[in-house]
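Below is one structure, written out as structure tokens; the observations come after it.
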Amino acid sequence: MTTTPQAPVTHRTTAASPGGHGVRLPRLVALRGAPRVRRENTLPAVAVAEALGVDTVEVDVRRTADGVAVLLHDETLGRMWGDRRRVADVDWCEVARLGNGLDRIPRLDAVLERLDGCHASLLVDLVDAADALVAARTVGTATGSTAVAWRGNPDAMATVRAALPDAEVWLTWESLAPPTAADLEALQPSTLDLDVAFLTPATVRAAHALGVRVAARTVDEPAPALWAAQLGVDAITTDDVAGIRAVLAAAERDGWPDRDREPSEAEVAPRAQALAHRIAHEVIALTREHPVGEVRAKADPADLVTDVDRMVELHVRSRVRAAFPTHGFTGEEYGEAPGDRHRWYLDPVDGTTNLVNGVPWTSMSLCLTRGGRPLVGVVADPWRGEVLEARRGRGAVLRDRALQLDDAPRSLAGAVVGTELDGHRPWPGFGAFLDALADRSCTVRVQGSGTLTIAQVAAGRGIGACVPAFDPVDHGAAVLLVHEAGGVVLTRDGAVEGFPAVGEPFLVAHPGAADELHTVWLRALATAR
């Protein structure tokens, strides 16, 4: 069994083409075989992938109760095979009876035998160190010539390296920062394996300078496949081998996309709005259905982040990258990715402290800017199941209902104004603001999500709202919503048309109450000086 690192990958270079001079064709990695044709992680899926001529077949491996390495992605048998038990609690003889015909869970050694003598190599994906030990022993004792590489979490890869010192290991990379030599020292990987959401030109350059290949996953759409190839990735992992191969072949034949061409706003805006709408509904489901697991503090014990925050952000980044691979992206949890004059801003869970404590008042904020000006924005409220959305010059809507604030005079008496704390403390002037509004028989609400606090004004829920510091990640979409609904956005110096300056306190208001509320707010801020 071949476990030594594979020779450096060679590529055919295409003829010169607009925007794609010298593009090298990446290797194709079939994720879980060919899941669009046959059931994932089965021998038929592996056979179809090999027949399609892929360079590598990726499979997920777990162990049975009696120590047999089998192909399965999930911890349990439920999703694919209708059995709720953990595969680690079931003996191989029972596992082998699940399914029918050739659609059954195969042993890892059977897959090695199937690929023996074929062009395709095998990539084994692992999430558990105990599974890794069983898989490594299986490969180590197998006969044949199938080349095997490994990827997975650090503990699993360390186990593989200990059992098979010469094993080829792919390092899973979950950062927008380029790798350094120190990052590679422990595992000495052959390949940097990353979600396409983390793919940047700097990462490709840094990996290649360190003598490491780059593999991007999971790429099933034409745009990111072409973009990744033009960046110089060495491998693309996909569910759709035939489709991605056809896209790359067409580019090689007809010419690669011109990366210097800038699409017009009319080309970008409708697609971006439709994508943001779909993402918002996906995030509602993800947030409601995924229980909070890991909770960590960031800047202080009141500044929390959860696995839900990271899961949602990675999902949104991947969805945006699939549709608009050249756009920049700034997210709350993973930071900034470079791009063209378009940039997306995301807060995956605004109100994380509420989420951790079971308070159903959180939101997602997603905003696209073009040249620094807001273009498209959505705010998703998972607990009300609402998506508020806006597009510059096209208005704001909620459930297909246009949001439009009239300009009739409004009294603060009997009204509600929203605000948020500065972190977990009152902002300077907070007490004076409450007192002044109380004197006008106006009530203040502090709900715990600045995004929703601002966005609700666009929906006519409350007469105004203020937060201590503008950040496009948190407030970009909500500010666009207020503008497009006919509301007023104000800073100390008066009304603004686009975004307030980053870090500047700002106020949004119903147009009929904006002047009075702005005066009250300014006087409160002045008391803190």
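The values are calculated or read from the model by the stated rules, or taken from the named source; none is laboratory data. Bear in mind that the values here come from a model prediction, so they are computed numbers and not experimental data. Glycine also receives a Cβ, built like all others from the backbone with ideal geometry; neighbour counts cover every protein chain displayed.
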From the option list Val502, Val479, single residue qualifying as surrounded by 22 or more Cβ atoms within 10 Å (Cβ to Cβ) and in the same structural domain as Arg461 (by TED's automatic domain parsing) is Val479
- [ ] Looking only at segment 413-433, decide whether some residue is in a helix (DSSP H, G or I) and under 15 Å from Val508 (Cβ atoms).
- [x] yes
- [ ] Evaluate the following for Thr443: is it hydroxyl-bearing (Ser, Thr, Tyr), in contact with a Leu (Cβ under 8 Å, 6 or more places away or on another chain) and modelled with pLDDT of 95 or more?
- [x] yes
When every residue in segment 432-456 that is over 17 Å from Val387 (Cα atoms) and among the polar types (S, T, N, Q) is compared, the one surrounded by the fewest Cβ atoms within 10 Å (Cβ to Cβ) is Ser441
Just to be sure before I move on: is Val37 surrounded by fewer than 21 Cβ atoms within 10 Å (Cβ to Cβ), outside any strand (DSSP E or B) and either touching a Leu at 6+ places or on another chain (Cβ under 6 Å) or β-branched (Val, Ile, Thr) (or both) in the structure I sent? yes
Looking at Ala274, is it in a helix (DSSP H, G or I), free of Cβ contacts under 8 Å to residues at least 24 places away in the same chain and outside the structural domain of Arg445 (by TED's automatic domain parsing)? yes
Over segment 57-86, the set of residues in a strand (DSSP E or B) and aliphatic (A, V, I, L, M) is Val57, Val59, Val61, Ala69, Val70, Leu71, Leu77
Counting only residues that are in contact with a strand residue (DSSP E or B) (Cβ under 7 Å, 6 or more places away or on another chain) and either modelled with pLDDT of 90 or more or assigned by TED's automatic domain parsing to the domain that holds Ala223 (or both), segment 299-319 contains a total of 10
Condition set free of Cβ contacts under 8 Å to residues at least 40 places away in the same chain and not hydrophobic (A, V, I, L, M, F, W, C), scope segment 224-253, selection surrounded by the most Cβ atoms within 10 Å (Cβ to Cβ): answer is Gly243
Reported set for segment 436-476 where residues are closer than 19 Å to Gly512 by Cα and either assigned by TED's automatic domain parsing to the domain that holds Asn357 or in a loop (DSSP other than H, G, I, E, B) (or both) is Arg440, Ser441, Cys442, Ala459, Gly460, Arg461, Gly462, Ile463
I'd like to check something: does segment 268-286 contain any residue that is at pLDDT 95 or above and over 22 Å from the mean Cα position of the chain (by Cα)?
no
Checked segment 116-126 for anything buried (at least 22 other Cβ atoms within 10 Å of the Cβ) and more than 33 Å from the chain's Cα centre (by Cα); matches are none
Per the filter on segment 395-416, residues buried (at least 18 other Cβ atoms within 10 Å of the Cβ) and either without any contact (Cβ under 8 Å) to a residue 12 or more places away in the chain or of a type in the set (Phe, Trp, Tyr) (or both) are Val397
Restricted to segment 397-425 and to residues being more than 23 Å from Gln447 (Cα to Cα) and among the hydrophobic types (A, V, I, L, M, F, W, C), the residue farthest from the chain's Cα centre (by Cα) is Ala408
>> Kindly evaluate Val316 against the criterion of being buried (at least 16 other Cβ atoms within 10 Å of the Cβ), aliphatic (A, V, I, L, M) and within 12 Å of the chain's Cα centre (by Cα).
In response: yes
Is it the case that some residue within segment 485-493 is buried (at least 20 other Cβ atoms within 10 Å of the Cβ), in contact (Cβ under 8 Å) with a residue 60 or more places away in the chain, not assigned by TED's automatic domain parsing to the domain that holds Glu313 and not aromatic (Phe, Trp, Tyr)? yes
When restricted to Leu481, Leu490, the only residue under 23 Å from Ala396 (Cα atoms) and in a helix (DSSP H, G or I) is Leu481
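Looking only at segment 457-473, decide whether some residue is of a type in the set (Asp, Glu), within 27 Å of Thr330 (Cα to Cα) and either crowded, with 23+ Cβ neighbours inside 10 Å or in contact (Cβ under 8 Å) with a residue 24 or more places away in the chain (or both).
Within segment 457-473, one or more residues are of a type in the set (Asp, Glu), within 27 Å of Thr330 (Cα to Cα) and either crowded, with 23+ Cβ neighbours inside 10 Å or in contact (Cβ under 8 Å) with a residue 24 or more places away in the chain (or both).
Here are some residues: Asp74, Asp60. Which one is within 29 Å of the chain's Cα centre (by Cα), buried (at least 18 other Cβ atoms within 10 Å of the Cβ), in the same structural domain as Asp193 (by TED's automatic domain parsing) and closer than 22 Å to Thr159 by Cα?
Criteria check complete, one pass: Asp60.
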Flagged in segment 213-223 as surrounded by fewer than 21 Cβ atoms within 10 Å (Cβ to Cβ) and assigned to a loop (DSSP other than H, G, I, E, B), in numbering order, are Thr218, Asp220, Glu221
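Table: residues versus (1) acidic (Asp, Glu); (2) surrounded by 15 or more Cβ atoms within 10 Å (Cβ to Cβ); (3) closer than 26 Å to Arg310 by Cβ.
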site	(1), (2), (3)
Ala135	no, yes, no
Ala167	no, yes, no
Trp170	no, yes, yes
Glu185	yes, no, yes
Gln188	no, no, no
